[in-house]
């Protein structure tokens, strides 16, 4: 069943909705959907419905919503704070984060982040990243599109961690592995994961993170790329506290 988002519109059973223009070409020309095709439509904020196409053509596609669909959302709220990475690595990180159930992604400019975005480039990148998150959420049939926050500097990201369950993979950590931190779930069922850029965190940043209450951990004896570290950390946290590997829905 193909999945589409209709954001900014209250969805309910029985309502007739028109697919957005960016989805029309994909539905009509690529997927070749026709009248009576069964699809799913979500508001991007947690609600999704089975629907049937009542009419479709080059000018528009209309779907009659049927019964609600069960959510595919984790009981754990994961916020991924991601140090800016080069090129298409950020696309990969965002796509994998969406597939793994992350609810919010915060890009962060750290001391060792290589990309330096001016206002124009930042706006273009954010728009691109939001499209990546939207497509990934549709592909894995999530009813929730991960929130893509504006670019934060390190101090702004640090402020988000105050009083939160914050975990930071760090290649210089010698004692604590992530498994040793996962024995007790967070009280608020929310966790903030802060992943460094390609060059890692600076010593001053690690010191500031620890003062803010974040706990550093290692991901094993091998040094992982930032895009790998993000996917591994999210997966382990989801497996321990969320819904990864808990059985079929």
Just the residues that are modelled with pLDDT of 95 or more and in contact with a strand residue (DSSP E or B) (Cβ under 7 Å, 6 or more places away or on another chain), please, taken from segment 197-209. 206, 209
Taking residue 194 and the conditions (1) in contact with a strand residue (DSSP E or B) (Cβ under 8 Å, 6 or more places away or on another chain); (2) not assigned by TED's automatic domain parsing to the domain that holds residue 102, which numbered condition does it fall short on, given that it satisfies the others? (2)
Just wondering, is there one or more residues in segment 74-89 that are assigned to a helix (DSSP H, G or I) and touching a residue at least 24 places away in the same chain (Cβ under 8 Å)? yes
If residue 61 meets every condition in (1) under 21 Å from residue 144 (Cβ atoms); (2) in a strand (DSSP E or B) apart from one, which number is that one? (1)
Conditions (1) at pLDDT below 95; (2) in a loop (DSSP other than H, G, I, E, B); (3) touching a strand residue (DSSP E or B) at 6+ places or on another chain (Cβ under 8 Å) -> residue 13 fails only (1)
From the list 51, 101, 44, which residue is outside the structural domain of residue 230 (by TED's automatic domain parsing), surrounded by 16 or more Cβ atoms within 10 Å (Cβ to Cβ) and on the phi > 0 side of the Ramachandran plot? 44
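The values are calculated or read from the model by the stated rules, or taken from the named source; none is laboratory data. Predicted, not measured: the structure shown is a model, and the values here were computed from it. Counting neighbours? That spans all protein chains shown, and the Cβs are built from the backbone with ideal geometry, glycine included.
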